[in-house]
Structure formats: C-alpha cells, structure tokens
Amino acid sequence: MHKFKILNAANDQFRIQFLYNSEIMVWSENYASKASAKNCIESIKKNAPGASTVDLSKEETGSGYRFEIVESKNGEHFVRFKASNGETMVRSETYASKASAKNCIESVKKNGPDAPVEDETVSA
C-alpha cells in the first residue's frame, strides 16, 4: 500500500515521505511548518500525474512541474520531483538501474493522488 507520512525533523521542523509498504520511495527536505509539509503532499498529489520526465543524464531540459532523472557520480540514478519554480520537492534513493528510477516515477504518478496521509507528528 502506498502512503504519505508527515514526520518530525530536527529543530521543530517537518518532512514528508512517500512509501510503498515500508519502503521509502521519495522524501522531502525539512519544512519550517507542518502546513508547508502538507502543501508539499497536496502539490505532489495534484501535479505529479501530469508532470513530464526529464532525463538529465541525456542533457534533456524541462520546466514546470517535472520529474528529473539524475545520474550520480558512480553511474547510478536517482529521481527528483521539482516544482514549477525549480525547487526540489522530493528525491529518491539512488538506483543501480535507470529502469528502477523510472519505476519510482511511475509509482508516484499513479499512486500518489489517492494515497492516504499519516501524520506521525500527532501525539497519542
């Protein structure tokens, strides 16, 4: 099952993750407010399905909401989802194959919009 999580981060900040079962597929930087973390999730749900995919290892370029496939120094690949203003919203782990990075993108596009959100910052 796919889901988003809102988590506590250092210095009273917040971050998000998108998971499949217990595997973290993508995660965000820290946000100063929980509202900003929630906005990140809502933006992914709304904009990821129609976002283009840009393969930076092939020197492709893009604008607007987009997924970027990035080649790391060791030849592996990771994914970034960027907002229309160019800010990175989330990134993935590094994958040995570009096909795995593409699978990550397709999963976020397909499963993100209907994924439930778990707020792990709420005290029991």
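Looking only at strands (runs of 3 or more DSSP E) that lie completely in the range 1-89, which have at least 3 residues being among the hydrophobic types (A, V, I, L, M, F, W, C) and more than 12 Å from the chain's Cα centre (by Cα)? Can you show your working first?
Details: elements: 2-9, 13-20, 23-28, 52-55, 66-71, 77-82.
Output list reads 2-9.
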Original post:
Pick from the range 90-117 the residues that are closer than 15 Å to residue 53 by Cβ and of a type in the set (A, V, I, L, M, F, W, C): which of them is farthest from the chain's Cα centre (by Cα)?
Top reply: 99
Original post:
So which residues in the range 1-39 are touching a residue at least 40 places away in the same chain (Cβ under 8 Å) and among the aromatic types (Phe, Trp, Tyr), if there are any at all?
Top reply: 4, 14, 18, 20, 27
Original post:
Just to be sure, is residue 8 surrounded by fewer than 18 Cβ atoms within 10 Å (Cβ to Cβ) and not aliphatic (A, V, I, L, M)?
Top reply: yes
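Could you tell me which of the residues 2, 77 is in contact with a helix residue (DSSP H, G or I) (Cβ under 8 Å, 6 or more places away or on another chain), closer than 26 Å to residue 121 by Cβ, modelled with pLDDT of 95 or more and not aromatic (Phe, Trp, Tyr)?
Going through 2, 77 in turn, the sole match is 2.
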Subject >> Residues (hydroxyl-bearing (Ser, Thr, Tyr), in contact with a helix residue (DSSP H, G or I) (Cβ under 6 Å, 6 or more places away or on another chain) and in contact (Cβ under 8 Å) with a residue 40 or more places away in the chain) located in the range 81-124 >> reply: 92
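The values are calculated or read from the model by the stated rules, or taken from the named source; none is laboratory data. In this text, all values refer to a predicted model and were calculated from it rather than measured experimentally. Note that each Cβ is placed from the backbone with ideal geometry, even for glycine, and that neighbours are counted across all protein chains shown.
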